[in-house]
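The values are calculated or read from the model by the stated rules, or taken from the named source; none is laboratory data. Predicted, not measured: the structure shown is a model, and the values here were computed from it. Cβ placement follows ideal geometry from the backbone for every residue including glycine, while neighbour counts extend to all protein chains displayed. Areas reflect the complete protein model, heavy atoms only, side chains present, ligands, DNA and RNA absent. Shrake-Rupley method; radii C 1.70, N 1.55, O 1.52, S 1.80 Å.
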Amino acid sequence: MEPICAFDRIIPGRGVAALLADGTQAAVFRLHDDSLFAVSNLDPFTGANVISRGIVGDRAGEPVVMSPLLKQAFALKTGECLDDPSASLDVYAVEVLGGEVRVGVGAELKAAA
Amino acid sequence: MSDKLVVIGDGMVGRRFLEAVVQRDPSWDVTVLCEEPRPAYDRVRLSAFFDGVSAEELSLASDLDGVSVRLGEAATEVDRDAKVVRSATGEYPYDKLVFATGSYAFVPPMEGADLDGVFVYRTIEDLEAIKAHAAGRRHGVVIGGGLLGLEAANALSLLGLETQIVEFAPWLMARQLDEAGGGVLKQHIEKLGIKVDCGTGGSRIEAVDGRLRMETNREGVSFDTDLIVFAAGVRPRDQLARDCGIEVGERGGITTDLACRTSDPDVYAIGEVAAMEGVCYGLVAPGYSMAEVVADRLAGGEATFPGADMSTKLKLLGVDVAQFGAFDGPLATTYLDPANGTYAKLILSDDATTLLGGMLVGNAEPYPLLRASVGGKVPGTLADLLGGGEVEGALPDGAQVCSCNAVTKGEIMGAIHEGCTDVPALKSCTKAGTSCGSCVPMLKQLLAEGGVEVSKSVCEHFTQSRAELFDIVKVTGITTFSELIARHGTGAGCDLCKPTVASILASLSNGHILDGEQATLQDTNDHFLANMQRNGTYSVVPRIPGGEITPDKLIVIGQVAKDFDLYTKITGGQRIDMFGARVEDLPKIWRRLVDAGFESGHAYGKALRTVKSCVGTDWCRYGVQDSVKMAIDLELRYRGLRSPHKLKSAVSGCARECAEARGKDFGIIATEDGWNLYVGGNGGFTPRHADLLLSDVDSETLVRTIDRFLMFYISTADRLQRTSKWVEGLEGGLDYLRGVIVDDRLGICEDLDAMMAKHVEHYADEWKGVIDDPEKLQRFVSFVNAPETPDPSIEFEEVRGQKFPAGTTARSHTQPVLLGTPERK
Ligand code: SRM
Ligand SMILES: Cc1cc2nc3c(=O)[nH]c(=O)nc-3n(C[C@H](O)[C@H](O)[C@H](O)COP(=O)(O)OP(=O)(O)OC[C@H]3O[C@@H](n4cnc5c(N)ncnc54)[C@H](O)[C@@H]3O)c2cc1C
Ligand code: SF4
Ligand code: FES
């Protein structure tokens with residue numbers, strides 16, 4: 001697990017991007033109930049690293065992030081794209097330790113799913 | 001082995017038949033011979049091809065299991081003894097055979113009809129050829145003034161040709177209209193610059209100096225032209241059937257009974273090629289009924305042809321024409337308003353109680369209702385029907401609402417009760433509305449009658465419409481999304497409701513849009529106060545009020561663009577856009593711009609964009625008012641105003657209209673005595689010219705009226721509804737709007753004025769608010785754990801001396817830039 005920032009740094013209801021040691025990018029979201037989710041930052045539809053800048057909300061109760069470019073919704077828990085099942089985001093492990101947000105990389109990938 | 005079915009012709013009817021067969025009995029092994037190079041397409045909408053609708057969009061093709069479509073392969077022989085169909089390249093045995101070969105365009109025997117530049121109007125290839133020939137030419141003649149001829153004339157004039165219609169009958173659309181109706185229609189068409197000669201027939205065409213000359217039956221009347229289109233009727237394509245000894249009608253067409261059976265019990269004929277009990281039907285709706293009949297018969301059913309509704313409606317060059325039911329009858333009532341170019345006629349039973357048919361020219365609004373009422377009670381007087389007034393009397397259940405697909409009101413109400421709650425759902429479960437579309441207004445009406453409220457709710461989290469949420473926020477004074485959703489909605493929100501509420505809060509002036517919780521609601525573009533581009537970088541658009549800018553400020557923009565390596569472009573809104581800015585550079589770019597006196601241009605927000613100006617009295621020899629100053633004043637007054645959709649404006653210094661004000665949400669044109677105010681215009685997907693709301697008013701009245709117009713719009717419009725749609729949707733239209741915001745009929749003007757005063761007073765530049773606030777600045781980083789590291793995945797390349805997202809060149813190779821007159825793929 002890699003530390004990326006202080007928990008308070010993330011505004012409830014928005015996300016941040018983190019550059020991980022292996023060069024991949026994670027999008028980390030804090031929801032209004034202070035739960036945290038981390039998925040890959042790469043939008044599979046456009047190839048741009050922008051997922052962290054999407055709006056979060058829910059689809060029928062399922063927490064989602066919408067890609068800011070073409071607005072597809074992705075389930076934050078599974079990374080699955082709800083508008084096109086052939087696309088998905090990777091899911092990263094995420095935890096708060098001593099007030100610090102940490103994200104899992106490499107082998108821990110998908111551990112949270 | 002499954003039984004073999006061969007279909008000759010993949011036209012509109014053939015395709016409908018295939019769908020029906022596969023649906024009812026998928027066990028058939030089906031082969032379709034399709035002479036055209038592409039599978040079935042919507043011939044009824046063929047003319048839309050000239051409005052920019054592509055061949056792909058017209059396609060009716062669908063993947064059907066067990067059906068093999070042989071494109072570009074015409075049947076050349078039917079051997080009924082061996083039960084096979086032959087083409088130039090293959091042989092297809094059948095157990096059952098269906099002719100769906102349609103019609104060909106009829107060209108009367110005339111010398112020169114085979115010359116270069118003479119066309120018919122039936123297939124996409126015909127239209128492509130017409131388009132190619134018309135390029136760079138000036139004049140066209142259409143032979144035939146019926147339905148098809150008028151469509152063809154419309155097409156030629158869309159192609160920019162001066163167009164002449166030549167019709168042999170004494171008036172236009174003689175099969176659908178009486179003499180008075182034909183006369184009114186002619187007036188309309190001529191007003192649009194198309195010439196019409198009735199009682200005239202072509203007799204000979206010759207080539208003269210690279211152009212064409214057509215002589216006519218009238219002494220001394222001939223036409224010099226570049227292109228001639230024959231639209232003089234169609235003839236059934238029955239040759240193949242004749243050749244194999246199947247019985248054909250006296251006037252052509254394959255003879256069938258009401259079950260579409262030909263003289264050979266294993267062979268059917270459907271669509272335009274069928275002469276059912278001696279009659280060929282030239283419309284798609286009866287063909288669809290035949291398709292269903294044969295599909296049912298092949299599945300062992302007993303269906304017979306239910307009879308045809310030959311009603312037609314068309315809208316050409318903005319002129320509505322419709323005919324329904326009987327053409328003639330014992331009694332008729334007519335309505336003629338030559339000033340407005342409206343003619344209507346109803347045919348009634350001898351006791352005047354039953355509607356038998358009728359025709360409408362110039363105003364076809366009551367068509368869906370009237371057509372569905374044929375055979376029943378007359379739904380109202382012509383004056384009421386045409387006036388768009390409330391019309392009493394529900395339709396009987398048996399009334400046919402969609403004649404193209406033979407769907408009755410009863411079937412539609414049934415579907416509504418089974419859970420169809422909008423037009424798309426009705427289309428997919430009843431097929432109503434899927435062909436010519438003229439019954440769609442009626443479908444909406446029936447949804448309302450069926451108790452379905454056409455949902456205006458914002459999304460799954462709020463049942464309210466945007467206008468209702470606006471009222472709630474205004475009345476309760478709620479200032480946060482979380483309070484609003486807790487008290488009036490459900491769940492956590494989404495990309496629809498969050499930005500909507502953010503916009504409402506901003507319209508009601510609730511501080512900086514990135515303050516506190518508001519920040520979490522904003523769409524990405526608003527959140528970063530810039531437009532995201534396809535590679536994740538942003539564009540930067542400083543406000544340039546009225547398009548007026550000093551050389552010093554121009555230099556600042558140039559210098560900033562140079563220092564941050566941004567692509568620059570002059571926009572269509574009289575300002576300058578800088579593209580390719582990385583998120584972490586945005587505050588630095590804006591620091592420089594703000595220091596030089598620039599403000600946010602809100603190119604990212606649903607907000608006021610630009611107020612364009614022309615040079616007006618300052619420089620122009622024609623200007624009658626100072627359009628530049630007015631544009632600047634208006635842009636500064638309304639800058640930052642959040643609204644349901646973006647707002648654009650322009651001010652022209654005289655009627656020459658160089659600022660294109662009538663294409664704007666609110667546009668102002670100077671007059672000798674003051675200003676004319678136009679509202680509800682836009683360009684975009686559905687362009688619309690703005691309507692005149694006030695004329696010759698002074699500057700103060702002008703500004704006050706615009707204030708109220710904008711605030712009334714902001715208070716009551718739907719999410720993403722532009723002013724044009726909003727104005728169109730106001731019951732009572734422009735007069736009502738004038739009543740509310742000029743005469744204060746609702747007594748709300750004081751309130752609207754106060755809302756605008758509050759906006760003007762509280763306006764502050766959004767970007768200045770960010771660069772002076774360390775907390776907000778924190779968001780503008782590439783990575784939370786590496787704030788200044790540029791996103792390594794973003795790459796650029798150089799094109800025409802500027803930078804572009806990497807891959808731009810490769811992309812432009814796959815999508816060639818078309819110059820001149822494009823050839824269709
Ligand atoms: C930059 C510009 C093209 C240019 O280089 O000229 C442009 C660029 C965009 N236009 Fe536009 N439009 C631009 C003038 C226009 C005009 C012409 C005008 O304003 O005189 C029109 C037609 C007039 C109109 O709006 O009525 C126009 C009709 C649209 C529409 C269709 C709106 C509609 O009601 O159908 C959209 C889509 C939308 O807003 O939903 C759109 C959306 C867009 C967006 C925001 C698309 C997007 O979401 O990324 C583009 C982003 C620009 C950026 O990132 O900065 N743009 N766009 C023009 C900016 C003008 C300015 O200074 O603000
Ligand atoms: C411009 C225009 C506008 C129209 N507008 C309307 C309208 O508003 N409302 C309306 O109801 N109708 C309208 N029509 C008429 C409507 O398009 C026809 O009624 C309908 O297409 C008939 O369908 P069909 O399948 O019988 O014939 P078609 O659609 O003509 O299909 C027949 C197909 O069979 C193919 N074919 C013929 N011979 C062979 C062979 N030997 N081997 C293989 N294939 C063969 C043809 O190439 C063709 O593709 C319009 C027609 C045109 C041209
Ligand atoms: S609109 Fe009139 S005043 Fe303005 S530039 Fe054009 S001609 Fe001149
Ligand atoms: S009447 Fe043509 S689609 Fe319904």
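The table below lists the values:
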{"item": "Segments classed as helices (runs of 4 or more DSSP H), wholly inside region B:728-786, with at least 3 members that are aliphatic (A, V, I, L, M)", "result": "B:733-741, B:749-762"}
{"item": "Candidate set from region B:536-554 (those that are within 14 Å of chain A (Cβ to nearest Cβ) and either aromatic (F, W, Y) or surrounded by 23 or more Cβ atoms within 10 Å (Cβ to Cβ) (or both)); member that is farthest from ligand 3 (Cβ to nearest atom)", "result": "B:G536"}
{"item": "Near pairs, Cβ below 9 angstrom, 6+ apart or cross-chain, from region B:705-717 (assigned by TED's automatic domain parsing to the domain that holds B:A506 and open to solvent by 10 Å² or more (accessible area, probe 1.4 Å)) to any residue that is part of a helix (DSSP H, G or I) and modelled with pLDDT under 95", "result": "none"}
{"item": "Leading residue by the ranking (nearest to B:A113 (Cα to Cα)) among those in region B:202-222 that are open to solvent by 40 Å² or more (accessible area, probe 1.4 Å) and of a type in the set (S, T, Y)", "result": "B:S203"}
{"item": "Members of region B:573-601 that are out of contact with any strand residue (DSSP E or B) (no Cβ under 7 Å at 6 or more places or on another chain), more than 14 Å from ligand 1 (Cβ to nearest atom) and touching a residue at least 60 places away in the same chain (Cβ under 8 Å)", "result": "B:R582, B:E584, B:P587, B:W590, B:R591, B:V594"}
{"item": "For B:D296: the one exception among (1) open to solvent by 30 Å² or more (accessible area, probe 1.4 Å); (2) in contact with a strand residue (DSSP E or B) (Cβ under 9 Å, 6 or more places away or on another chain); (3) modelled with pLDDT of 85 or more", "result": "(2)"}
{"item": "Hits in region B:493-528 - residues which are open to solvent by 20 Å² or more (accessible area, probe 1.4 Å), facing another protein chain (nearest Cβ under 7 Å) and modelled with pLDDT of 85 or more", "result": "B:D523"}
{"item": "Pair list, Cβ < 7 Å and 6+ apart or interchain, from region B:644-662 residues that are farther than 30 Å from B:T500 by Cβ to residues that are modelled with pLDDT under 95 and outside any loop (DSSP other than H, G, I, E, B)", "result": "B:G653/B:G616; B:G653/B:T617"}
{"item": "Yes/no for A:I51 being in contact (Cβ under 8 Å) with a residue 60 or more places away in the chain, within 11 Å of another protein chain (Cβ to nearest Cβ) and within 23 Å of B:V781 (Cβ to Cβ)", "result": "no"}
{"item": "Per-region count, region B:190-243, residues of a type in the set (F, W, Y) and either farther than 20 Å from B:A129 by Cα or over 35 Å from the mean Cα position of the chain (by Cα) (or both)", "result": "1"}
{"item": "The lone exception for B:R70 - which of (1) surrounded by fewer than 21 Cβ atoms within 10 Å (Cβ to Cβ); (2) free of Cβ contacts under 8 Å to residues at least 60 places away in the same chain; (3) not in a strand (DSSP E or B) it fails", "result": "(3)"}
{"item": "Residue satisfying all of: in region B:449-472; at pLDDT below 80 and open to solvent by 30 Å² or more (accessible area, probe 1.4 Å); farthest from B:L370 (Cα to Cα) among these", "result": "B:K456"}
{"item": "Within region B:41-59, tally of residues that are open to solvent by less than 50 Å² (accessible area, probe 1.4 Å) and in contact with a helix residue (DSSP H, G or I) (Cβ under 9 Å, 6 or more places away or on another chain)", "result": "10"}
{"item": "Check on B:R15, within 16 Å of ligand 4 (Cβ to nearest atom), surrounded by 17 or more Cβ atoms within 10 Å (Cβ to Cβ) and modelled with pLDDT of 90 or more", "result": "yes"}
